[in-house]
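Asks: This is the structure, below, for whatever I ask next.
Nothing in this text is a laboratory measurement; each read-out follows from the coordinates by a stated rule. Keep in mind that what you see is a predicted model, and the values were worked out from it rather than measured. For neighbour counting, all protein chains shown are included, and Cβ atoms are generated from backbone atoms with ideal geometry for every residue, glycine included.
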Amino acid sequence: MKIALFISGRGSNMDAILASCQAGHIEATPALVVSNKADAKGLLAATAAGIPTAIFDHRDFACREDFDRAILARVQQANIDLIILAGFMRILTPELIKPFQGRMLNIHPSLLPKYPGLNTHQRAIDAKDTIAGATVHFVIEELDAGPAVIQASVDISEQDDAGSLQQKVLEVEHTIYPLAVKWVVEGRVRLQEGKAFLDGEPLPPSGVRIEA
Ligand code: GAR
């Protein structure tokens, strides 16, 4: 199976997934890294690993659909089976989402359905939540709303601010994202009729839940 990783910045989730591929835990070939930013730090790691990279600057396109169509053409040219959004900070349209239905994953830094969108950590702190976390989910047309595969929680302490909480959540992201990708690559996790299944059993709305 050929996978593409989409990034916009640091790419630490991409690194975790590439390491899992290299170690043979995920039996897939990272065949493309897409970034919407030419200066995304993660592009350096991708190039060092010998993976082809493609930069699509969203400002060069008249609309989101044109941007997505250009990316789709590149992804199809590389015969990609699975798209992994790893900190890709663009909202995608059906142009790209539909052809990859059930074959596109995202990681979001909150316990969805709580806090879709941005500033998740500050919002959890402002709401005086005692737990936060991250969710790996299938991508559907509605933003941050696709069926969850895995969700991991972390405790929020009284000392936490958005920065420290982000670090804690990022650590669990690096565990759950490679695991979710592994399950999808192995065909153990599937999207069927709008629901996520693991080994043929429907997953609960949280996906597999890993507690702090
Ligand atoms: C991660 O925390 C990921 O959950 C988040 O961006 C960060 C990327 O970090 N994604 C989103 O907010 C998507 N809406 P990374 O570049 O080091 O993997």
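Asks: In the set ALA134, ALA127, ALA148, which member is of a type outside the set (Phe, Trp, Tyr), touching a Gly at 6+ places or on another chain (Cβ under 8 Å) and free of Cβ contacts under 8 Å to residues at least 60 places away in the same chain?
Replies: ALA148
Asks: Next up: Against the definition (of a type outside the set (Gly, Ala, Ser) and in contact with a Leu (Cβ under 7 Å, 6 or more places away or on another chain)), how does ILE97 come out, yes or no? Walk me through it before giving the result.
Replies: Working: of a type outside the set (Gly, Ala, Ser): yes; in contact with a Leu (Cβ under 7 Å, 6 or more places away or on another chain): no.
So ILE97 fails the test.
Asks: Right, next: Among the numbered criteria (1) out of contact with any helix residue (DSSP H, G or I) (no Cβ under 9 Å at 6 or more places or on another chain); (2) under 19 Å from LYS2 (Cα atoms); (3) outside any helix (DSSP H, G or I), which single criterion is violated by GLU27?
Replies: Of the numbered conditions (1) out of contact with any helix residue (DSSP H, G or I) (no Cβ under 9 Å at 6 or more places or on another chain); (2) under 19 Å from LYS2 (Cα atoms); (3) outside any helix (DSSP H, G or I), the odd one out for GLU27 is (1).
Asks: Would you confirm, using the coordinates I've provided, whether ARG64 is surrounded by 15 or more Cβ atoms within 10 Å (Cβ to Cβ), out of contact with any Ser or Thr (no Cβ under 7 Å at 6 or more places or on another chain) and not small (Gly, Ala, Ser)? Even if it seems obvious, please write down each step before you answer.
Replies: Values: surrounded by 15 or more Cβ atoms within 10 Å (Cβ to Cβ): yes; out of contact with any Ser or Thr (no Cβ under 7 Å at 6 or more places or on another chain): no; not small (Gly, Ala, Ser): yes.
So ARG64 fails the test.
Asks: Taking the stated definitions as given, is GLU158 assigned to a loop (DSSP other than H, G, I, E, B) and either in contact with a Cys (Cβ under 9 Å, 6 or more places away or on another chain) or among the acidic types (Asp, Glu) (or both)? Steps first, answer last, please.
Replies: Working: assigned to a loop (DSSP other than H, G, I, E, B): yes; either in contact with a Cys (Cβ under 9 Å, 6 or more places away or on another chain) or among the acidic types (Asp, Glu) (or both): yes.
Yes; evaluated as a whole, the condition is true for this residue.
Residues checked against (1) surrounded by 18 or more Cβ atoms within 10 Å (Cβ to Cβ); (2) in a helix (DSSP H, G or I); (3) among the β-branched types (Val, Ile, Thr); (4) within 13 Å of the ligand (Cβ to nearest atom):
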residue: LEU105; (1), (2), (3), (4): yes, no, no, yes
residue: LEU118; (1), (2), (3), (4): no, no, no, yes
residue: HIS121; (1), (2), (3), (4): yes, yes, no, yes
residue: GLY146; (1), (2), (3), (4): yes, no, no, yes
residue: GLN167; (1), (2), (3), (4): no, yes, no, yes
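Asks: Could you please let me know if ILE17 is within 15 Å of the ligand (Cβ to nearest atom) and not in a strand (DSSP E or B)?
Replies: Criteria met by ILE17.
Asks: Return the residues of segment 196-212 that are in contact with a helix residue (DSSP H, G or I) (Cβ under 9 Å, 6 or more places away or on another chain) and of a type in the set (A, V, I, L, M); say none if nothing qualifies.
Replies: LEU198, VAL208, ILE210, ALA212
Asks: From the residues in segment 123-138 that are in a strand (DSSP E or B) and either within 17 Å of the chain's Cα centre (by Cα) or buried (at least 24 other Cβ atoms within 10 Å of the Cβ) (or both), which one is farthest from the ligand (Cβ to nearest atom)?
Replies: PHE138
Asks: Then there is this: Can you name every residue in segment 60-103 that is at positive phi and either assigned to a helix (DSSP H, G or I) or within 16 Å of the ligand (Cβ to nearest atom) (or both)?
Replies: Once the filter is applied, which keeps residues that are at positive phi and either assigned to a helix (DSSP H, G or I) or within 16 Å of the ligand (Cβ to nearest atom) (or both), segment 60-103 yields only GLY87.
Asks: Residues of segment 20-48 being within 16 Å of the ligand (Cβ to nearest atom), surrounded by fewer than 16 Cβ atoms within 10 Å (Cβ to Cβ) and in contact (Cβ under 8 Å) with a residue 24 or more places away in the chain, which ones?
Replies: LYS41
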